[in-house]
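Working notes for the structure below.
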Amino acid sequence: MKTNARILSIAGTDPTGGAGVQADLKSIAAAGGFGMSVVTALVAQNTQGVRSIHTPPQEFLREQLTSVSDDVEIDAIKIGMLGDSDTVDTVSEWLRGRNKTTLVLDPVMVASSGDRLLQPEAEAKIRELCTHVDVITPNLKELAVLVEDDEAADFDAAVAQAQRFAEKHDVTVIVKGGHLDGTIADNAAVSADGAVHRVPSARVDTKNTHGTGCSLSSALATRLGGGAELNDALDWATHWLHEAIAHADELAVGKGNGPVDHFHQLRRWATNADTTPWTFPVHDKAPAPAIAAQGPHTTQLWEKTGTLWREITELPFITSLTSGELSKKEFMFYLAQDALYLELYSRALARLSTIAPTPEEQIWWAKAAQECLTVEAELHRSFNVPKVDPSPVTAAYTDFLVARTFTDDYAVGVAAVLPCFWLYAEIGEALTKHNHDKHPYHSWLETYGDPNFAEDTRKALRIVETAFENASESTRERATRAYLMASAHEREFFAQASRMQQ
């Protein structure tokens, strides 16, 4: 995707920053664009509601528009609040001849409360404007006004309304399920030919959703302006906005319906890029493991994993995989890297088989190494996983494991490979509780519940317990550090799919 796509927002204002051009500019920046704005209305509002609206003279609106277009090549335009008939006319006139610019219209007509935000005589002009843009993003009440029908009671009914409108007006309609009741808040792109691309999104229990319509349309315009295909752009914008909503409460802005956290994803990525050496303070008590520790040493290892465990379970990848809203792109990225990991992980296990102190352990590690290669081959066969190069995260993890098993004591090596057994099994136990026949990744999640892998994990725990018992104090310290480092690598490995610059 093109970076710093030049995106123009044409919309009203929000002094508290959650909606309008203020939200648009934040969304454009978060989605990787350079934002510009033309103001159609000055709105005195806050998180509790609108107090008054001042509409500048139309001539001044024209001057704003031409001042941008005379100087800057615009990659995409997001159109928001227009307010009255004259403003619709002014913007429509300026848009004529801009056929090569991606146009996204958020037809601000009806608030989620049901209040009309557009003069009745302007509604027909908005319908006409819809025929001259690429994408429209109405809420369900606005969609009902556009099709002159009752508001859809469920997502399928909304899609049907969108299909009728999209075909008649030759425009793509984004159906937004956020205002429906239930546990889902899916979005869907409905094309003029009737095709539907649905993006799963779990509902977030929060009142702080002010400006979500503005934010979604602006992010979508930015991704499209940067060259993304429509379905990919909607995937990205939906998942980005879900994260912004999920962390909205932490902003604590206003007494009413507050804004979303537009920059949470960027701050998360910045944290991921931090090069401060890892330390492992324990701020959280580890839950009782599904597969029990096998003695005092492995019990202590699990207790030290408390904060790492919380960090893993709160990862966007894990939460979206649990809910089923994980994008296919992220899922396939993870599987491709997992296949690479298994190939290299098997080398570490094979190394342990050559230095194990007993024939039983030598045979068991060799068998585990062989099973890794078998699972790798099955991933390629069953899920059509492509051959790719290792990511920096995958390479760092596998290099660490190979280094620990080839250059240090046996106890250190077995501690290093343990998280791939234990943490993987524990996460699998948590995930399979949410698996069901209609889960998009049902067949893959079933592999997590393999009782043979659970028994292998118990065997690995017994080996680690014995190795710690026989090791010196200094070796146990190195082994504990190796276990925690590997656990942190596991966290990064799970997290990497949701860090892709999609």
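The values are calculated or read from the model by the stated rules, or taken from the named source; none is laboratory data. What you see is a predicted model; the values in this text were computed from it and never measured. We place every Cβ from the backbone using ideal geometry, glycine too, and count neighbours over all the protein chains shown. The area values use the complete protein model at the heavy-atom level, side chains included, leaving out ligands, DNA and RNA. Shrake-Rupley method; radii C 1.70, N 1.55, O 1.52, S 1.80 Å.
Some observations on this one:
- Multiplying the residue separation of Asn4 and Asp150 by 0.36 nm and subtracting their alpha-carbon distance yields 48.5 nm.
- Percentage, to the nearest whole number, of Cα pairs in the stretch 392-500 over 18 Å apart: 56 percent
- Centroid-to-centroid, using Cα positions, the stretch 423-481 and the stretch 314-380 are 11 Å apart.
- Relative contact order [Cα under 8 Å, 6+ residues apart], the chain, whole percent: 12 percent
- Per-residue HN-Hα couplings for the stretch 448-460 [Karplus 6.51, -1.76, 1.60; θ = phi - 60°; Hz; x = Gly/Pro]: 5, x, 4, x, 5, 5, 4, 5, 4, 5, 4, 5, 4
- Averaged over its residues, the chain has an accessible area of 44 Å² per residue, based on protein heavy atoms and a 1.4 Å probe.
- Based on Cα atoms of the stretch 175-224, Rg over Rh with Rh as the Kirkwood radius reads 0.99.
- Computed lengthening from Lys100 to Lys285, 0.36 nm per intervening residue step minus Cα-Cα distance: 60.9 nm
- Amide H contacts for Thr40 (H built 1.01 Å from N in the peptide plane; partners 5 or more residues away or on another chain; cut-off under 5 Å): Ala11, Gly12.
- Three-way shape call for the stretch 1-115 based on the alpha-carbon gyration tensor, with the a/c threshold at 1.5: oblate
- Gyration tensor (alpha-carbon) shape descriptor, the stretch 48-175, a/c threshold 1.5: oblate
- When the alpha carbon coordinates of the stretch 214-372 are projected onto the principal axes, the ranges are 65, 37, 31 Å, largest first.
- Highest mean packing first, where packing is the average number of other Cβ atoms within 10 Å per residue, the peptides 424-433, 34-43 line up as 34-43, 424-433.
- Treating r as the C-beta distance of Gln370 and Val72 and R0 as 56 Å, the FRET efficiency rounds to 0.40.
- Base-10 log of normalised Debye intensity for the stretch 112-178 (one unit scatterer per alpha-carbon) at q = 0.15, 0.17, 0.26 Å⁻¹: -0.43, -0.55, -1.28
- The modelled label-to-label distance for the pair Asp249/His436, using points 7 Å beyond Cα in the direction of Cβ, is 2.3 nm.
- Extension gain, Glu455-Met500: 0.36 nm per intervening residue step, less the Cα-Cα distance, totals 12.8 nm.
- With Cα atoms, 0 to 90° folded angle of helix 212-225 axis to the chain main axis: 80 degrees
- Remark on Ala5: its backbone amide H falls under 5 Å from those of Phe34, a criterion applied only to residues 5 or more positions apart or on other chains, H modelled at 1.01 Å from N.
- The translational diffusion coefficient of the chain, from Stokes-Einstein at 4 °C and 1.567 mPa s with a Kirkwood hydrodynamic radius over alpha carbon pairs, comes to 52 µm²/s.
- Over the chain: helical MRE at 222 nm, DSSP H runs n ≥ 4 each giving -39500 (n - 2.57), nearest 500: -18000 deg cm²/dmol
- Trp302 accessible area, assembled protein chains, probe 1.4 Å, Å²: 10 Å²
- Relative to the 2.2 N^0.38 Å rule of thumb, the stretch 328-434 has a C-alpha radius of gyration ratio of 1.11.
- Summing Lys and Arg as +1 and Asp and Glu as -1 over all other residues whose Cβ lies under 14 Å from the Cβ of Glu376 gives a net charge of -1.
- Charged side chains reduced to their Cβ positions (Lys and Arg at +1, Asp and Glu at -1) give the chain a dipole of some 780 debye around its Cα centre.
- Seen from Leu230, the other residues with C-beta closer than 12 Å to its C-beta sum to a net charge of -3, counting Lys and Arg as +1 and Asp and Glu as -1.
- Alpha carbon Rg of the stretch 246-295, scaled by the compact-globule rule 2.2 N^0.38 Å: 1.82
- Label-to-label distance for Glu343 and Thr271 is 3.3 nm, based on points extended 7 Å past Cα in the beta-carbon direction.
- Carbon/sulfur fraction of accessible area - the stretch 5-133, other protein chains in place, 1.4 Å, %: 49 percent
- The stretch 352-424 - percent of accessible surface contributed by carbon and sulfur, probe 1.4 Å: 61 percent
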